[in-house]
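The values are calculated or read from the model by the stated rules, or taken from the named source; none is laboratory data. Small disclaimer: the values here were computed from a predicted structure and weren't measured. Cβ atoms come from the backbone with ideal geometry, glycine included; neighbour counts cover every protein chain shown. Just so you know, the surface numbers come from the protein's heavy atoms only, side chains and all, with ligands and any DNA or RNA stripped out. Shrake-Rupley method; radii C 1.70, N 1.55, O 1.52, S 1.80 Å.
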Amino acid sequence: MNDAKGSIGPRVSALLKQVYPELDSDILTSLVIDAFWPKGAPRRQRARAAGNSLWSQKDALLITYGNSVIDGVHKPLDLLADFLATYLDGTLNAVHILPFFPYTSDDGFAVSDFRAVNPQLGDWADINRIAEDFTLMSDLVLNHVSSQGSWFNAYRQGQAPYDKFFFEASPDDDLRDVVRPRTTPLLREVETTNGIRHVWCTFSHDQIDLDFRNPEVLLEFLRIIRLHVDNGIQIIRLDAVAFLWKAVGSPSIHLPQTHALIKLMRVLCDFATEKIILLTETNVPKAENLSYFGRGDEAHAIYNFPLPPLILHAMMSGNAEHLRRWQRAMPPAPMGCAYLNFTASHDGIGMRPAEGLLPEDEKQQVIDTIKDIGGLVSMRTLPDGSESPYELNTTFYDAMSRTFAGADDYHHARFICSQTIVMSLEGIPAFYIHAMLATPNDHDGVEHRGMNRAINRHRWDYPSLRQKLDDPRTPQARVLADLSKRLKIRQKQAAFHPNATQFTVNLGDERLFGIWRQSLDRAQSIFAIHNVSDTAVTISAAELNLIEDQIWVDLLGETKVDADASGIVIAPYQCMWITNRP
């Protein structure tokens with residue numbers, strides 16, 4: 001294809017040939033470019049070079065639903081904007097608003113209209129307003145759509161192009177190897193004008209999987225990305241993307257065509273004049289998750305999914321060895337890429353990423369402790385028909401209320417320590433609104449809504465929440481104040497750039513988790529030390545190898561640390577950020 005505006009054409013064409021070898025790649029390339037840049041919209045002459053300039057140590061993300069704060073009077077998105085401006089201005093600069101589209105189930109992830117804002121939340125003007133003040137992330141729920149949406153209704157009526165939008169299979173097909181995160185039947189029988197069909201449902205029977213073997217599906221989602229970008233969204237979260245491409249007789253997860261399509265989206269984003277960051281959501285074991293970086297040519301960022309269960313185990317056991325061993329083996333993100341670090345999200349704490357990282361007996365201890373604090377466990381079906389724990393359902397704040405030994409007086413300190421680890425690691429830190437607000441488990445929500453995940457999806461009455469945040473004695477005010485203070489300190493440290501050098505510090509005591517961060521210009525070092533236990537630990541400065549002719553200060557304790565000190569006492573659940581450039 002002759003592309004006068006740069007080298008995008010050959011790059012797009014090569015990827016399309018991998019996915020659609022039977023189609024004319026030149027024609028399809030033109031359609032792809034026109035879908036992403038309609039009416040000749042401007043694009044870069046050359047792709048944005050991979051580098052570290054898309055993010056900095058100033059970046060931290062809030063994860064929230066559009067209606068996590070409500071009052072029954074005002075639009076929830078207006079209340080969210082007020083909450084952000086009143087309580088998080090200067091603390092967090094990015095916001096992930098979970099699916100804000102019309103939907104029918106799964107709290108937004110069964111989308112019925114990708115082009116509209118859910119009127120119960122607000123409208124595009126409200127989204128635009130938040131995007132003016134914060135880097136905004138939206139969900140591209142590209143694996144499936146609502147069974148009650150216009151796309152699937154048109155499919156059942158045989159209307160083109162939607163008659164070929166959904167993945168069909170037969171009950172007689174060999175589907176034993178299909179990997180799924182649910183226990184419901186994979187196929188759903190539906191009546192259509194063309195007879196009985198069986199459609200693929202990776203998640204639920206209200207979430208019908210799309211068929212990306214039809215390039216019209218891809219083109220439609222490229223147009224949807226453009227709509228999001230034109231409305232000020234800078235981060236596109238590719239929800240459940242690992243399941244995108246299906247093939248009967250295969251596991252239908254992580255297939256080569258899926259990776260090729262992510263590479264295609266990355267090329268388009270890198271040629272965009274706007275800053276667009278692709279984030280993949282793949283709640284799977286370590287090696288599978290890391291594969292979505294590709295060779296630095298797929299996702300700009302990936303979730304660090306092993307973190308939640310490993311931090312949870314460390315804080316409950318008082319032993320950081322498994323967390324430390326995993327971190328030692330983690331590679332730095334490729335150039336132009338970053339990790340997204342978190343402990344809590346709208347979903348539960350995934351247990352699949354802990355496979356091979358936590359022994360089965362210790363994994364069971366974590367599960368039993370979660371049950372002790374009133375949490376729940378969701379299961380998935382294995383290929384042999386048996387079930388395995390898929391995720392733990394609890395707020396992370398309540399999960400920190402006890403250890404394997406039982407409840408104690410360290411709930412607050414233990415929780416703050418767990419979140420400080422997230423702030424310290426290589427990558428961009430992200431915090432669920434219910435972690436920032438010390439939200440307890442919502443058992444009433446589970447009962448009323450009939451789903452385990454509702455335990456961690458509380459909707460705060462905004463006036464009541466404000467009363468709690470205005471009282472410094474409440475858990476909500478204490479947690480928000482302590483996390484905000486640390487995030488504001490973090491913003492000023494070049495050694496906490498998402499791509500700054502990181503090494504795991506091999507401290508002799510298993511109760512300590514330590515890492516060394518060094519700024520990109522090598523001027524600043526930070527030794528981040530976290531005591532994950534309920535006992536004090538003493539170390540010598542020699543274990544950190546502090547340079548003797550420099551002044552070292554603990555940023556969190558605001559105290560000087562002598563480079564030749566023989567005894568640095570780290571209190572239960574205390575964290576230290578020891579730096580030479582305060």
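Would you pick out the residues in the range 375-398 that are part of a loop (DSSP other than H, G, I, E, B) and touching a helix residue (DSSP H, G or I) at 6+ places or on another chain (Cβ under 6 Å)?
Residues satisfying the conditions are T394, T395.
Among the residues of the range 355-364, are any among the basic types (K, R), under 28 Å from F203 (Cα atoms) and open to solvent by 10 Å² or more (accessible area, probe 1.4 Å)? Reasoning before the result, please.
Within the range 355-364, the first condition is being among the basic types (K, R), and the residues that meet it are 363.
Then keep just the ones that are under 28 Å from F203 (Cα atoms); that gives 363.
Pick out the ones that are also open to solvent by 10 Å² or more (accessible area, probe 1.4 Å) and you get 363.
Yes, the range 355-364 contains at least one residue that is among the basic types (K, R), under 28 Å from F203 (Cα atoms) and open to solvent by 10 Å² or more (accessible area, probe 1.4 Å).
For R43, are the conditions met, namely being touching a helix residue (DSSP H, G or I) at 6+ places or on another chain (Cβ under 8 Å), assigned to a helix (DSSP H, G or I), surrounded by 15 or more Cβ atoms within 10 Å (Cβ to Cβ) and not aliphatic (A, V, I, L, M)?
no
Out of (1) in contact (Cβ under 8 Å) with a residue 40 or more places away in the chain; (2) within 30 Å of P76 (Cβ to Cβ), the odd one out for N153 is which?
For N153, the failing item is (1).
Only residues in the range 18-32 that are closer than 13 Å to E216 by Cβ count as the first member; pair them with residues that are at pLDDT 95 or above and in a loop (DSSP other than H, G, I, E, B), Cβ under 7 angstrom, at least 6 apart or cross-chain, and list the lot.
Note: pairs meeting the criteria are L28/Y20.
Just checking: which of the strands (runs of 3 or more DSSP E) contained wholly in the range 479-582 hold 2 or more residues that are closer than 23 Å to Q327 by Cα and in contact with a Pro (Cβ under 9 Å, 6 or more places away or on another chain)?
Filter on the range 479-582 gives 501-505.
Please find, among D78, D113, D107, the residue that is closer than 18 Å to R129 by Cβ and out of contact with any strand residue (DSSP E or B) (no Cβ under 8 Å at 6 or more places or on another chain).
Numbers: D113 fails: closer than 18 Å to R129 by Cβ; D107 fails: closer than 18 Å to R129 by Cβ.
It is D78.
The conditions are (1) under 30 Å from W37 (Cα atoms); (2) surrounded by 14 or more Cβ atoms within 10 Å (Cβ to Cβ), and R197 fails exactly one of them. Which is it?
(1)
If the Cβ limit is 7 Å and pairs must be 6+ apart or interchain, which residue in the range 555-569 that is loosely packed, with under 15 Cβ neighbours inside 10 Å pairs with which residue that is assigned to a loop (DSSP other than H, G, I, E, B) and among the charged types (D, E, K, R)?
D564/E548
Taking the range 259-314 on its own, how many of its residues are hydroxyl-bearing (S, T, Y), surrounded by fewer than 21 Cβ atoms within 10 Å (Cβ to Cβ) and without any contact (Cβ under 8 Å) to a residue 60 or more places away in the chain?
1
Consider I547 against the criteria (1) over 27 Å from Y339 (Cα atoms); (2) open to solvent by 40 Å² or more (accessible area, probe 1.4 Å); (3) modelled with pLDDT of 95 or more: it satisfies all of them except one. Which criterion is unmet?
Condition not satisfied by I547: (3).
Which number in (1) open to solvent by less than 20 Å² (accessible area, probe 1.4 Å); (2) assigned to a loop (DSSP other than H, G, I, E, B); (3) under 28 Å from V377 (Cβ atoms); (4) modelled with pLDDT of 95 or more marks the one condition that P181 misses?
Among (1) open to solvent by less than 20 Å² (accessible area, probe 1.4 Å); (2) assigned to a loop (DSSP other than H, G, I, E, B); (3) under 28 Å from V377 (Cβ atoms); (4) modelled with pLDDT of 95 or more, the lone unmet condition for P181 is (4).
Check the range 406-413 and report whether any residue there is touching a residue at least 24 places away in the same chain (Cβ under 8 Å) and touching a His at 6+ places or on another chain (Cβ under 7 Å).
Looking through the range 406-413, none of the residues is touching a residue at least 24 places away in the same chain (Cβ under 8 Å) and touching a His at 6+ places or on another chain (Cβ under 7 Å).
Within the range 94-128, can you find the residues that are touching a Leu at 6+ places or on another chain (Cβ under 8 Å), in a helix (DSSP H, G or I) and not hydrophobic (A, V, I, L, M, F, W, C)?
Correct list: D107, G108, D126.
Just checking, how many residues over the range 495-523 are open to solvent by less than 20 Å² (accessible area, probe 1.4 Å) and not β-branched (V, I, T)?
Step one: list which residues in the range 495-523 are open to solvent by less than 20 Å² (accessible area, probe 1.4 Å), which gives 495-498, 500, 505, 507, 512-515, 517, 519.
Right, trim to not β-branched (V, I, T) and you get 495-498, 500, 507, 512-514, 517, 519.
Matching residues across the range 495-523 total 11.
List the pairs whose first member sits in the range 107-121 and is in contact (Cβ under 8 Å) with a residue 12 or more places away in the chain and surrounded by 20 or more Cβ atoms within 10 Å (Cβ to Cβ), whose second member is part of a helix (DSSP H, G or I) and of a type outside the set (A, V, I, L, M, F, W, C), and whose Cβ atoms are under 6 Å apart, counting only residues at least 6 apart or on separate chains?
Partner pairs satisfying both residue conditions: L121/P76.
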